[in-house]
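The values are calculated or read from the model by the stated rules, or taken from the named source; none is laboratory data. Here the structure is a predicted model, which is why all the values come from computation and not from measurement. All Cβ positions, even for glycine, are placed from backbone atoms using ideal geometry, and neighbour counts span all protein chains on display.
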């Protein structure tokens with residue numbers, strides 16, 4: 001199975017051959033973000049690190065879409081949504097809310113929090129299990145509900 005970086009390279013080649021300028025632009029942006037991180041940290045990134053970069057780019061696109069919608073800039077919303085779709089193709093399948101709730105329950109059983117103040121400890125156990133497969137805001141909200149502060 002190809003790594004995320006190999007899939008990205010293939011996507012770039014395919015976009016160049018088909019002269020799909022938008023997809024090529026998205027692929028180059030992602031490639032540049034990955035290369036920047038590799039150069040800054042002087043390491044060769046594995047799939048988990050690349051996935052973390054993609055997750056942050058997805059979050060940025062979602063925030064931009066909200067801002068552009070609030071500002072009435074539908075042209076920019078469409079552009080950001082197209083890039084978001086490209087990035088999400090590299091993400092693993094998202095977990096259902098029921099699956100997240102099960103993980104929240106198991107994390108709470110593992111940590112045995114004494115109250116809402118132990119939210120951080122539960123999140124620390126939970127986040128590595130859902131990394132890239134669930135929205136952090138939703139996970140946080142579900143943990144808060146279980147701990148009685150939501």
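Points to keep in mind about this one:
- Counting only helices (runs of 4 or more DSSP H) that sit completely within region 59-150, those holding 3 or more residues that are at pLDDT below 90 and more than 28 Å from residue 1 (Cβ to Cβ) correspond to 97-111, 119-130, 136-147.
- Of the residues making up region 104-124, not a single one is buried (at least 18 other Cβ atoms within 10 Å of the Cβ), in contact with a helix residue (DSSP H, G or I) (Cβ under 6 Å, 6 or more places away or on another chain) and under 27 Å from residue 24 (Cα atoms).
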